[in-house]
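Below is one structure, written out as structure tokens; comments come after it.
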Amino acid sequence: MYKILIVDDDQEILKLMKTALEMSNYEVVTRQEVSLPLNIDDFQGFDLILLDIMMSNIEGTEICKRIRREVSIPIIFVSAKDTEEDIVNGLGIGGDDYITKPFSLKQLVAKVEANIKREERNKQAVQDFSEVRRDLGTI
């Protein structure tokens with residue numbers, strides 16, 4: 001079972017996303033706020049992170065910047081900031097996808113599934129390459 005972290009300061013949105021993802025057989029952990037200074041361990045052990053941008057004590061984009069070097073799993077921004085510039089900025093700082101609020105729950109689940117599948121394909125490709133390299137030995 002894949003484990004997803006949702007960080008959003010809106011309790012109703014947290015409940016909505018959690019329920020939709022749990023109904024699709026994901027294990028979901030929610031956080032309504034992020035403690036400062038950031039602890040990288042709070043973001044480890046997940047297969048994907050859904051991250052709101054506009055939160056009360058720190059912006060989601062800042063969280064992404066700070067954790068991206070050590071957290072290589074997909075990060076999907078979920079935000080009411082919906083201009084082209086906002087989306088391009090979110091993807092440019094390390095986000096893997098971007099969902100604008102309001103959103104469809106079907107779209108949310110589909111994007112989560114697509115990002116997890118992509119991550120699994122990437123892991124498999126690295127593993128396959130390592131096996132081929134090992135089989136070739138010294139050339």
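The values are calculated or read from the model by the stated rules, or taken from the named source; none is laboratory data. For clarity, every value in this text was computed on a predicted model and none was experimentally measured. Please note: Cβ atoms are built from the backbone with ideal geometry, for glycine as well, and neighbour counts cover all protein chains shown. Note: accessible area is taken over every heavy atom of the protein model, side chains too, but ligands, DNA and RNA are not part of it. Shrake-Rupley method; radii C 1.70, N 1.55, O 1.52, S 1.80 Å.
Restricting to the range 21-54, give me the number of residues that are under 21 Å from LEU105 (Cβ atoms) and touching a strand residue (DSSP E or B) at 6+ places or on another chain (Cβ under 9 Å). Explain how you work it out, then say what you get.
As a first pass, look at the range 21-54 and keep what is under 21 Å from LEU105 (Cβ atoms): 21-32, 46-54.
Subset that is touching a strand residue (DSSP E or B) at 6+ places or on another chain (Cβ under 9 Å): 21-22, 26-32, 46-54.
The number of residues fulfilling the criteria is 18.
Do we have any residue at all in the range 22-33 that's touching a residue at least 40 places away in the same chain (Cβ under 8 Å), in a strand (DSSP E or B) and under 21 Å from LYS101 (Cα atoms)? Don't jump to the end; show me each part of the working.
From the range 22-33, those touching a residue at least 40 places away in the same chain (Cβ under 8 Å) are 24, 26; that's our starting set.
When the remaining residues are screened for being in a strand (DSSP E or B), the result is none.
Within the range 22-33, none of the residues are touching a residue at least 40 places away in the same chain (Cβ under 8 Å), in a strand (DSSP E or B) and under 21 Å from LYS101 (Cα atoms).
So that you can scan it fast, the table gives a plain yes or no per residue for (1) within 20 Å of TYR2 (Cα to Cα); (2) without any contact (Cβ under 8 Å) to a residue 40 or more places away in the chain; (3) open to solvent by less than 40 Å² (accessible area, probe 1.4 Å):
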site: ARG66; (1), (2), (3): no, yes, no
site: VAL71; (1), (2), (3): yes, yes, yes
site: ILE75; (1), (2), (3): yes, yes, yes
site: THR83; (1), (2), (3): no, yes, no
site: ASP96; (1), (2), (3): yes, yes, no
site: GLN107; (1), (2), (3): yes, yes, no
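Among the residues of the range 34-66, write down those that are within 13 Å of the chain's Cα centre (by Cα), assigned to a loop (DSSP other than H, G, I, E, B) and within 19 Å of LYS101 (Cα to Cα).
Of everything in the range 34-66, just one residue is within 13 Å of the chain's Cα centre (by Cα), assigned to a loop (DSSP other than H, G, I, E, B) and within 19 Å of LYS101 (Cα to Cα), namely ILE53.
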